[in-house]
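The values are calculated or read from the model by the stated rules, or taken from the named source; none is laboratory data. The model shown is predicted, which means the values in this text are computed figures rather than measured ones. Glycine also receives a Cβ, built like all others from the backbone with ideal geometry; neighbour counts cover every protein chain displayed. Heavy atoms of the whole protein, side chains included, go into the accessibility calculation; ligands, DNA and RNA do not. Shrake-Rupley method; radii C 1.70, N 1.55, O 1.52, S 1.80 Å.
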Amino acid sequence: MTNINRRDFLKLIGAGSVGTGAGVLYGEVTKQTVELLIPQVIPPEDYSPGIATWYNTTCGQCSAGCGISVRTREGRAKKIEGNPVHPVNQGRLCSMGQAGLNALYNPDRIRRPLKRNAPGGSFTPISWDEALTTLGRRLGNLKIQGKGNQVTLLSDGVRGHLDKLFATFMQELGSDNYLQYDFAFPNALYKANKILFDIDTLPYYDIKNTNYVLSFGADYLGTWLSPVHYSLAYGHLRQGRGKRRGKCVQIEPRMSLTGANADEWIPAKPGTEGLLAMAIANVIISDDHYRGSDIDDWASAVGSYSPSAVSGQTDITESEIKRIANDFIRHRPALAIAGDNIASGTNAVSNILAINALNYLAGNLNKEGGVIFNKKPSLVQSTQQRHASYIDMMGLRDAMSTGQVDTLIVHNTNPVFNLPNSSRFKEALTKVPYKVSLSSFMDETTDLVDLVLPLNTYLESWGDDIPEPGVGFTTATVLQPVVTPIYDTRSSGDIILTLAHQIGGELPVALPWTNMEDYLKAGWKEIYSGQIANSAFNSFDQFWRKALESGVWGENKTCVPDRKNKTKQVQLNNITIAPEFSGDEKDFPFTLLPYISQTFFDGKGANLPWLQELPDPMTSIVYNSWIELNPATAKKLGIKEGDLINVQSKEGSLQAPAFIFPAIRPDVIAIPIGQGHTQYGRYAKNRGVNPINILESIVDDASNALAWSSTRVKISKTGKHIDLVKTSGVTRTLGRQIFDKPGKHS
Amino acid sequence: MTDTNYQEPGYADVNRDILQTLLVTGPKYWITFGISASVALICFFGPWAYQLYVGVGAAGMNRSAMWGTYLSNFIFWIGLSHSGTLLSAVLHITHSGWRKAIYRSAEAMTLFSLMTAACFVMVHVGRLWFVHWTAPIPNPMELWPNFRSPLMFDVMAVTTYLTASSIFIYMGSVPDYAAVRDASTGLRRRLYTIFSFGWRGTAKEWHTLSWAYMFFAVFVIPLAVSVHSIVSWDFALSIVPGLHQTIFAPYFVCGAIYSGTAGIVSVMFLLRKYMQLERYIREIHLDNLGKLLIVLSLIWTYINIVEVFTGWYSGTSFEYEFLKFRLFGFYAPLYWEMILFCAVVPLFMLHKKIRTSWKWMFIISILINIGMFTERFIIVATSLPRKFLPDAFGFYFPSFVEIMISIGSFAIFTTLFLIFIKWTPCVSIYEVKETLKPLRRDA
Amino acid sequence: MAKITDKIKEYTRPGYYEKFDYHWTMSIDLDRCTGCGACVVACQAENNLPIVGEKRFKERREMKWLRIERYWEGEYPNLKLKFLPMLCQQCDQAPCETPCPVAATYHNQDGLNTQIYNRCIGTRTCAVYCPYEVRYFNWFTYTWDEPLEQQLNPDVTVREKGVMEKCTFCVQRIRMAKDKAKDDNRRRVKDGEVTPACVQSCASEAMQFGDLNDPNSKVSKMTKNKRAYHVLEELNTKPSVVYLQKVEKHD
């Protein structure tokens, strides 16, 4: 282009600028708002751009207490993975735990304190000062008037120092009304273990080393106690021990995720699993497999439960019962566990007692591959068992409706969603003069309160935790913030400590700390000087740094079973093994089986979009509720997948689309718990149904827990149809080479 | 036969009759043109613009059915493009005199269906703004298209075919452009002077034309056969049950000629009726095309039977499930409709009365093309949702946008054709004259 | 032009497409897999998979590079449900690689079947040709509700409408491990240094990942297991994902 002249040059420029102009215009139209790559001009010291920082902390999504490592970049949390050194999850993590980021960055988080203008009115944002002053004055006045007992704190199942803080705070306030409520809390399991073994904590079920898992409804791979830990154990049980491959048998009326993975799935009649266990015990004794000194006691206790007698009630053939009993004995060490729907009927404790007795009879107690009793976790002392049973909650309801509760503080729990309509809890709640909610999200309960104090998520908070059930040795984990709070929110500990100073009096003396971090450090300093000081650390600071680095602290010991058998005596004589149901069989022909959803847990996970988009493991359904029906039942009633079904119990009705589920008893229908929120943010709101709503308020007398698997229902077609959104097309292999080597499939 | 009172036109009549289609434009034409152009705009370009804005998600395709009506439309239009040029070339080589009245419009059909088909490639892709990457354009990244890709073969084949067809039709039109030039004045005359390359009608010019025309006729035949074979490889080179078939190339070629021939019958009927060309497009043409259609229909039916048989005979679950879905599934009515229209209805043409009746032949030809359109849809819509993993089985139903665009494509074709008939004589003037008896002095 | 002939010679050399620097391979033990779906969420978190919403799910346009397929066997009450985690099989004879007209998908030196988002024009041919249906198309440009976008992994791009995407075996993690090996003056990445997000999260340790060219790697040992097989092996796509049969018989 050497001989370009002026005219050509101008032409080129002209053409070029028209092009550029159009380009610029297009760019302007399609331009997106400029975001700076790194928001701070001077970056904070704790990160370098482009390099990921990992923080170890504790998962707060369920009560298993897994350790997590959070990957952060430029001050933002990017991914949650399991903490490899944590004994519970050993680097692994479930879907709920990983979706914790959705809670942290949820668009529907409450971003500042809210005050209700007038009863029934809307919320107005207020400052923290105003919120805490209002609440502090109210509590202070009550305390001065000696009405401290009119304050009730209803929390989720917090443990460790936060629990201690709550307890101290309430005690200093002069109230003994500090309750914890979690829908999925296994009250019956605790109670049964207390009765049979006289222990307050849960034992460790050593699935990892057992040969045979006889699970009565316990969905240990999905929702039961500590699913990640048990999944690890399951993997080991199956393929981790060379040729010794453990066998899994699952007895439950509706196939759970664990049932799908078991070698045998046996649908006994709902509620009769205890009977079945008795029959198995009967076989063990009559076939002379048990030789203990108390054999006569046992023989008389289980004598009337011969397989032939039980077979009709449980809907399992005599030979089948005998086979299971023999397998159970033959494959020792074996393990019988009970949970979820089996442990939530009116005979829950009786069922678990009968099932636990199998462990005793087979000699599985306190040995590898059996039931191992945990030592009390000695690092952080939890105050005491505060988990409210259903009856306790009903006590709270009565107190609320009779005006004995002046101020109710709800912390991170959602009783309005998790209690049946028949409990009339919501109505009682509205009668409380002043209600405060500490929550990150506008859930159903928070929506009813007068003052909302938005919480940090667990990823922005300080704290600690003790895994329960423990892992056989002393351990505790530390929670630390992995990101700075993204909104104007505070952690529960900070709020309580600030309130203590607001109220004044003895409170600041008992709780002199101003923030949770200091409180936590002080607590751990005590632990350090008491138990750890003589170890390899120069100072507490060094220890503390190490604890924060690893995210977990414990005795570096493996599980050494304590050989002592704790069973005092046969406890099977006076149990009511027969189940009771709400509604008689003629009017309400189906047993309703609400089950804890593997994706949403008790409904807590429903506002997390990753979980809404995670296909349900058994049905592949997303974004909705469904009613599981046996194909034969559906055929009889002329129901097709997606037909809107009306489910009627004595206490109410709900409507949801039907799903033809092959693995459910014909006399049972199942609905997952978790959806059906009327609040709780855009991802959860007005989606599906909540089966808890239509349950009758019947309890298991032994544990006072709600018998949520004991409601009978009738179903009818509504004539409407809703397409279920699911990812699976045809769920049969059609003889294709999918699970076998080529040539082997038929 | 209506030929009893047929009076053969004289040379001057030919010029006058045919040129009037160009020179005289009535309100009917403008109304038709207006309607088809606006339908094209509203049904094709409107939804397409919307789709470009939101993404291909505006169409009904989904995970298992990643291809949909856009591709089936593409094949349909490519199919329709056949027999135009192909037929014309074959008949030219075999010196079939009856081709002369029809070949121009047939070739025009080729051209415009190819253009419509090309539109569908544009509509189909996810990022239209990068579609030029399929062409081997030198670039600083030294990136080249993937020559192993059947889609790449496609781009090559279609562009080559488009080029060859354009030249073929243009070359054949040059003497006619000269005729238009001679009959017109003003701007039109100047334009046609350019179009006709200064054609004077010397013996040398005629000689060169006929030689070149013959060359192209020979050249176009293998090209036309290869184009639809290549289009079929888009499907057949995959391993998807229902698409991975060795018979697909002949199947597509046969189907293409079949639908193309039927298309010619339809267009002939319309031209004859609305352009007053009764004296040039005659029953003899219809009769011959009818016979051709019967043969093609039989071949087509045979291939369909083979397809079902091999599927069943394979005994594999893949083929079996897909066949079950095609023959008895949701789209079974469409499948059997296709069999009815393309395999059963054409058998009526065995009767000469029907074969030479304009009305019946028009109806049959339209039915055949409806059937062929369905065939293309079924190939895509019943194979892809039934692939290998049953859990991933899905379902495909076209969305509103897809249906609109499919309708709009017909309007595009019509619009282009309407422009064409005002630009080029739709019956070859000079070749029709060749078929007439020598000049009668007394006329 | 000698170069081109040399290259043709090189490309047509037997084994050129089968011999890789690394041969990244994943093994999935179906006897361990519980079907819990932790891997699905892990993948979503790591690879910036969009939250598509109920409507898109209904249209079968979900974005899950890793999905769990489920197959029932038998009838009530003798039923079995089997889970099959299905992700890109990184085939060595990939049906998806040949048909892309712009070569947006190709086989790289690690034996990975890669997808170049920038190059993709969205003909969707690769997805049609893929027998495992593990390619996912961006039917729309997806957005994140604020502030969910703060979670997005800066090591992975966000894809726009009209682009095909699929499992990469977490190529960003492989890349990082290779960089680290280079920084440490090692020639090769050690076994266990790379774990894709799904493998990392798997609670029952059903998944293993590593280099098949290293005979001592965990994954090499898994592939020698008697139960090892490929899904749809008869199609001869030579997948890099090895499944281990679920054990059926039990005394």
Q | Filter on A:Lys685/A:Lys720; A:Lys143/A:Lys435; A:Lys79/A:Lys726; A:Lys269/A:Lys640 - keep pairs with C-alpha separation over 20 Å | A | A:Lys685/A:Lys720; A:Lys79/A:Lys726; A:Lys269/A:Lys640
Q: Could you state, as a whole-number percent, how many of the C-alpha pairs of the stretch A:393-513 are farther apart than 18 Å?
A: 63
**Q.** Whole-Å semi-axes of the ellipsoid equivalent to the protein assembly as shown (Cα gyration tensor, √5λ, descending)
**A.** 72, 36, 31
(Q) Need one number for chain A: average projected area of the convex hull over its C-alpha atoms, nm². (A) 44.6
Q. For chain C, what is the relative contact order in percent, using Cα pairs closer than 8 Å and at least 6 residues apart in sequence?
A. 29
Q: Write down the Kirkwood hydrodynamic radius of the stretch A:203-372, to one decimal in angstroms, obtained as one divided by the mean of 1/r over all alpha carbon pairs.
A: 15.6
(Q) If I take every Cα pair under 8 Å that is 6 or more residues apart in chain A, average their sequence separation and divide by the length, what percent do I get for the relative contact order? (A) 17
(Q) Which residues belonging to the stretch C:10-35 lose at least 40 Å² of 1.4 Å-probe accessible area when the assembly is complete, relative to their chain isolated? (A) C:Asp31, C:Arg32, C:Thr34
Q: Quickly work out the A:His721-to-A:Lys741 label distance, labels modelled 7 Å from Cα along the C-beta direction, and quote it in nm with one decimal.
A: 4.6
**Q.** Mean Cα-pair separation over length for the stretch A:586-741, i.e. relative contact order, pairs under 8 Å, 6 or more apart, %
**A.** 33
**Q.** Extent along principal axes [Cα atoms of chain B; Å; largest to smallest]
**A.** 80, 59, 41
Q | Approximate shape of the stretch C:20-243 as ellipsoid semi-axes (Cα gyration tensor, √5λ), whole Å, largest first | A | 25, 24, 19
**Q.** Computed FRET value (nearest 0.05) for A:Leu637 with C:Arg175, which takes r as the C-beta separation and R₀ as 41 Å
**A.** 0.15
**Q.** Listed residues B:His124, B:Gly186, B:Phe197: farthest to the positive end of the dipole of the stretch B:58-212 (Cβ charges)
**A.** B:Gly186
Q. Average partner chain C-beta neighbours within 10 Å, per residue of C:192-203?
A. 4
Q) Of the accessible area of chain B, with the probe set at 1.4 angstrom, what percent is carbon plus sulfur? A) 72
**Q.** Within straight-line cross-link reach of A:Lys115, aspartates and glutamates at Cα separation under 18 Å, skipping those fewer than 8 residues along the same chain
**A.** A:Asp129, A:Glu130, A:Asp406, A:Asp443, A:Glu444, A:Asp447, A:Asp450, A:Asp488
Q) Percent antiparallel among DSSP beta bridges with both residues in the stretch A:203-372, to the nearest 5? A) 10
Q) What's the extension gain from B:Lys433 to B:Gln20 if we count 0.36 nm per residue and subtract their Cα-Cα distance? A) 147.1 nm
(Q) Am I reading the C/A interface right? What is its buried accessible area, both sides, 1.4 Å probe, to the nearest 100 Å²? (A) 6800
Q: Taking chain B as the reference, fit the longest principal axis to its C-alpha atoms, fit the long axis of helix B:11-23 to the helix C-alpha atoms, and give the angle between the two in degrees, 0 to 90, nearest 10.
A: 50
Q. Which residues of the stretch B:385-403 bury at least 20 Å² of accessible area once all protein chains are present, versus their chain alone (1.4 Å probe)?
A. B:Lys387, B:Phe388, B:Leu389, B:Pro390, B:Asp391, B:Ala392, B:Phe393
Q: Between A:Lys586 and A:Tyr487, with labels modelled 7 Å along Cα→Cβ, what's the label distance in nm to one decimal, could you check?
A: 5.4
Q | Calculated diffusion of the stretch C:39-165, Stokes-Einstein form, Kirkwood radius summed over Cα pairs, 10 °C and 1.306 mPa s, µm²/s | A | 98
Q) Taking both sides together, what accessible area is buried at the C/B interface, probe 1.4 Å, expressed in Å² and rounded to the nearest 100? A) 4100
(Q) I want the local charge near A:Met400. Using Cβ-Cβ distances under 11 Å, sum +1 for each Lys or Arg and -1 for each Asp or Glu among the other residues. (A) +2
Q.
Please give the charge dipole size of chain C, origin at the Cα centre, charges +1 on K and R Cβ atoms and -1 on D and E Cβ atoms. Round to the nearest 20 debye.
A. 460
Q | Fraction of accessible area attributable to carbon and sulfur, the stretch A:590-721 (%, probe 1.4 Å) | A | 47
Q.
Residues of the stretch A:414-430 with the amide nitrogen closer than 18 Å to a label point 7 Å from the Cα of A:Ser653, along Cα-to-Cβ, please.
A. A:421-422
Q) Given H placed 1.01 Å from N in the peptide plane, which residues other than close sequence neighbours of C:Glu69 have an amide H under 5 Å from its amide H? A) C:Leu84, C:Met86
Q | Dipole of chain A, positive direction: furthest Cα of A:Gly148, A:Ala684, A:Ala522, with charges on the beta-carbon | A | A:Ala684
Q) Taking only the alpha-carbon atoms of the stretch A:590-721, what semi-axes of the equivalent ellipsoid follow from 5 times the gyration tensor eigenvalues under a square root, in whole Å, largest first? A) 21, 20, 13
Q: Express as a percent, rounded to the nearest 5, the fraction of DSSP beta bridges in chain A (both residues included) that run antiparallel.
A: 50
Q: Starting from the Cα-Cα distance between B:Ile305 and B:Val54, subtract it from 0.36 nm times their residue separation and give me the gain in nm to one decimal.
A: 86.2 nm
Q) Under the Karplus relation 6.51 cos²θ - 1.76 cosθ + 1.60, θ = phi - 60°, what is the ordered set of whole-Hz ³J(HN,Hα) values for the stretch A:499-512, x standing for Gly and Pro? A) 4, 4, 5, 4, 5, x, x, 7, 4, x, 6, 6, 10, x
Q | Residues of the stretch A:536-551 with amide N under 17 Å of the 7 Å Cα→Cβ point at A:Lys525 | A | A:538-548
Q) At a Förster radius of 30 Å, what calculated FRET efficiency corresponds to the Cβ-Cβ distance of B:Ser357 and B:Met115, to the nearest 0.05? A) 0.40
**Q.** Signed unit charges on C-beta, dipole axis of the stretch B:229-290, positive-most listed residue B:Pro250, B:Ser266, B:Ser238
**A.** B:Ser266
Q: Over the stretch C:20-243, give the accessible area per residue in Å² for a 1.4 Å probe, as an integer.
A: 32
Q. For the stretch A:590-721, what is the percent of antiparallel DSSP beta bridges, rounded to the nearest 5?
A. 65
Q: Give the calculated FRET efficiency between B:Ile284 and B:Tyr170 to the nearest 0.05, with a Förster radius of 25 Å applied to their Cβ-Cβ distance.
A: 0.35
